[in-house]
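Q: Here it is, the structure in full.
What follows is calculated from the coordinates using simple rules that are stated; it is not laboratory data. All values reported here derive from a predicted model rather than from experimental measurement. All Cβ positions, glycine included, derive from the backbone under ideal geometry; neighbour counts span all protein chains shown.
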Amino acid sequence: MLYEGNSIAVKALSDGIHEMCFDLAGESVNKFNQATLKELEEAVAALQRADNVTGLLLCSGKKSFFVGADVTEFGALFKSGQDALVSALIDINALFSSIEDLPFPTVVAINGEALGGGLEICLACDYRVMADNAKVALPEVKLGILPGWGGTVRLPRLIGIDNAIEWIATGSNKRATAALKDGAVDAVVSEAKLRDAALDLLQQCIEGKFDYHRRRAEKQQPIPLSTIEQTMAFESARGVVGAKAGPHYPSPMTIIGTIQKHAPLHRDDAFKVEAAAFAKLAESPVTASLIGIFMKDQWLKKQSKGMQEAALPVNKAAVLGAGIMGGGIAYQSASSGVPIVMKDINNQALEDGLAESDKLFFKQVKRGKLNQPQAAAAMHRIIPTLSYGDFGDVDLIVEAVVENPKIKQSVLAEVETKIPETAILTSNTSTISINFLATNLTRPENFCGMHFFNPVHLMPLVEVIKGDKSSDAAVATTVAYARTLGKTPIVVNDCPGFYVNRVLFPYFGGHRLLLQHGAEFTRIDKVMERWGWPMGPAYLLDVVGLDTGHHGGEVMAAGFPDRMKYDGDGAADLLFKAEKYGQKNGSGFYKYELDKRGKHKKILDPTVAEIIAPAIVENRELTDDQIIQRMMIPMCIEAVRCLEEGIISGPADADIGLIYGLGFPPFRGGILHYIDTIGLKDFCAMCDQYTELGPLYHPTDGMRKMAEGNKTFFPQAAA
């Protein structure tokens, strides 16, 4: 053994070939923390001193090669200041360059995933062999930063400016075939043959059949394009990337500028440009927000994983109702490998549900995510039925019928008699109390809520609602099933609207009051979209459905009459009474037509102004900031109420719930992070400007006490 540490071992194989194996002790994945980097430095030094090494194979002892840097160490590093951060990055780049400059060829065998720094060390090697089921990516842009360990330097010199910008500015995962096509890897083989193929390539390098010196030079020299060619490439990229990134995320455009700046430079000088850009982005509040979201997401995953012991296996599921939600749930389950029975009361409904799932599978094939045999196999996991005959061996059932309390109660009581006593029964209700729905059940301990968000295949959140009688096993099993479906579950306690919808309706309440005071709904939409929401409140109501919003509003008003009940009709109520339900019937606040791609196109409807005119009681002069404040304050206060009442377990649930469930702007870090950035003292003072608008704008006593003590929802180091 040439070198052995807690995460790295270097040993001789044969004929001078050595193997550097990454296998971080005590962890399920490899990640670059300070200790691993220190060991890498020691291991490389040992290789440099050895006089009998002819070639080096880099590989992993884990299921994945490397998941990247240890993000938990970012906080202290980022707070060290730009100069210290630049110096640290230069040191790491020097370490990776010492691998690239070894006096013998290097080949890396990429299995599982090679992400961030994991891919960057692969780029420092001479050749890359990738398993056909592996994925690679430089996802740093999703944290508001850019690759800082040579990724922006080596990748464009390997695969060209256009491809590299697409890889780095999107941060998307690349499958083996795409990586090979772009030139990021040199060979793709089955995982079973990965090690042998990498060793064979290394042997050919040693024998001189491949010129690894030339490959190194390509990565170390300036990018070989003329000034005109570079200008065209970078300006074209700016147009495409800028349109997608928008004004709130500085990292993608910084990536383009960084690559352009170091394109004419040699390797080591290029690293200095990269490090300076990284350090500047590290100080951005957007970066703090995005890293905070990542940490909260990881914490939630750890929490839900910790419930695994209490979970029962779900080998077969069922969904009641083949509508849009039922069809989406069936698709998600089948595509995740869990067979699912889809029941409805007539064949047409089943055909519609199957058509919805088939359409989604076809899109996956079209995008290259699945091949035809894989899609066909997944489709066959959906078992349509008109009877309960196929329910005898199901482990978990999702009720997804119409959002009507009596109908849901009846259906749930009926299905309970048709399933095994150990099966977990859940309801995909969005507002109706789980305790109420459990009233007629004989096994309420096996029942809880499982609230998916529409569209199911795109929205990452699932609310698992715990009723008073829901057992730990029922909740844990539902959480585990949600994780199997690739969703992020948060466990919430029962109340009207649960968490996400309970917080959404005060936001709609702020919208109602703004319209009442003469603000135009089109202006409010534009202001809130500029603030960062994917769609403004009027547009969102149209997408949700004004009928759905009306009925949900009634549930919320009954549950929280002090602040959510109001007299008279708001603009949305008037549109509902005029049978303008939004996208579902082509007319709401806006009018909708299908474009060439079959998607709804929003246009102004001149009849709306007259319909909603009775809801306007006065015309106030309002600034954009006042519109934002009046929209956001009710949502913020209600989120805090949910935290104080124990509806959600902690601040991380609050932030992730709204980001994943409603599309709260990620660059703002989450609802409670947003309050922290304002400061509770200033937030309460802002609320006090709107006291006359009613209880929706009154901070809780707990918020005022926190403000007096200068407290925050998140520790300042992590906020």
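Q: Fewest first, what order do Leu281, Leu155 take by the number of other Cβ atoms within 10 Å?
A: Arranged by neighbour count, lowest to highest, Leu281, Leu155 become Leu281, Leu155.
Q: So, one more: Pull up the DSSP beta bridges for region 314-494 and report the antiparallel fraction as a percent, rounded to 5.
A: Bridges in region 314-494 are about 15 percent antiparallel.
Q: Rounded, prolate or oblate, given the Cα gyration tensor of region 575-719, with a/c below 1.5 counting as rounded?
A: It is prolate, given that a/c is not under 1.5 and a/b is the larger ratio.
Q: Relative to the first principal axis of the alpha-carbon coordinates of the chain, what is the inclination of helix 472-484, with its axis defined by its Cα atoms, in degrees from 0 to 90 and to the nearest 10?
A: Approximately 60 degrees, to the nearest ten.
Q: Using the count of nearby Cβ atoms within 10 Å as a rough guide to exposure, how do Asp126, Asp162, Asp701 rank from fewest to most?
A: Lowest to highest Cβ neighbour count: Asp701, Asp162, Asp126.
Q: Related question: Take every Cα pair under 8 Å in region 54-163 that's 6+ residues apart, average their separations, divide by the length, and report that relative contact order as a whole percent.
A: 30
Q: Test of understanding: what is the full-extension gain from Leu458 to Lys209, defined as 0.36 nm times their sequence separation minus their Cα-Cα distance?
A: So the chain would gain 84.9 nm between Leu458 and Lys209.
Q: Per residue, how big is the convex hull of region 249-393 when only Cα atoms are used? Give it in Å³.
A: 192
Q: Return one number: the angle in degrees, 0 to 90 and rounded to the nearest 10, between the long axis of the Cα atoms of helix 624-644 and the longest principal axis of the Cα atoms of the chain.
A: 90
Q: Give me the Å³ per residue figure for the convex hull around the C-alpha atoms of region 511-663.
A: Considering the Cα atoms of region 511-663, their hull volume per residue is 128 Å³.
Q: Please figure out what share of the DSSP beta bridges in the chain is antiparallel and state it in percent, rounded to the nearest 5.
A: In the chain, DSSP labels about 30 percent of beta bridges as antiparallel.
Q: Can you sort Asp562, Asp200 by how many other beta carbons sit within 10 Å, fewest first?
A: Fewest-to-most ranking of Asp562, Asp200: Asp562, Asp200.
Q: Let me ask another. Tell me, what is a quarter of the convex hull surface for the C-alpha atoms of the chain, in nm² with one decimal?
A: With the hull built on Cα positions only, its mean projection is 33.4 nm².
Q: Can you tell me what the convex hull of the Cα atoms of region 314-494 projects to on average, as an area in nm²?
A: With the hull built on Cα positions only, its mean projection is 9.0 nm².
Q: Once a ≥ b ≥ c are taken as the square roots of the eigenvalues of the Cα gyration tensor of region 167-263, is the result rounded (a/c under 1.5), prolate (a/b larger than b/c) or oblate (a/b not larger than b/c)?
A: In terms of gyration-tensor shape, oblate.
Q: Shape of region 454-506 from its Cα gyration tensor (a ≥ b ≥ c, root eigenvalues): rounded if a/c is under 1.5, otherwise prolate when a/b > b/c, or oblate?
A: oblate
Q: On alpha carbon coordinates alone, what is the Rg over Rh value for region 3-283, Rh being the Kirkwood radius?
A: My calculation of the ratio gives 0.95.
Q: Over all alpha-carbon pairs of region 478-551, lay out the pair-distance distribution in 5 Å bins, whole %, shortest bin first.
A: Result, from short to long distances: 3, 13, 18, 20, 16, 14, 9, 4, 2, 0 percent.
Q: Okay, moving on. Test of the criteria: in region 246-323, which GluC sites (Glu not before Pro) are in a DSSP loop and have at most 11 other Cβ atoms within 10 angstrom of their Cβ?
A: Qualifying residues, ordered by number: none.
Q: Hey, got the dipole for the chain? About the Cα centre, +1 on K and R Cβ, -1 on D and E Cβ, debye to the nearest 20?
A: 920
Q: Under 19 Å from the 7 Å Cα→Cβ point of Ala45, by amide nitrogen: which residues of region 89-113?
A: 89-103
Q: Based solely on its DSSP helices, what 222 nm [θ] is calculated for the chain when runs of n ≥ 4 H residues each add -39,500 (n - 2.57) and the sum is averaged over all residues, nearest 500 deg cm²/dmol?
A: That comes out to -15000 deg cm²/dmol.
Q: Compute the helix-to-body angle for 82-100: its Cα long axis versus the longest principal axis of the chain, expressed 0 to 90° and rounded to tens.
A: Taking Cα atoms only, the helix is inclined about 50 degrees.
Q: Work from the charge dipole of the chain (Cβ charges, +1 for Lys and Arg, -1 for Asp and Glu, about the Cα centre) and give the residue of His451, Tyr674, Pro606 farthest towards its positive end.
A: Ranked along the dipole, the leading option is Pro606.
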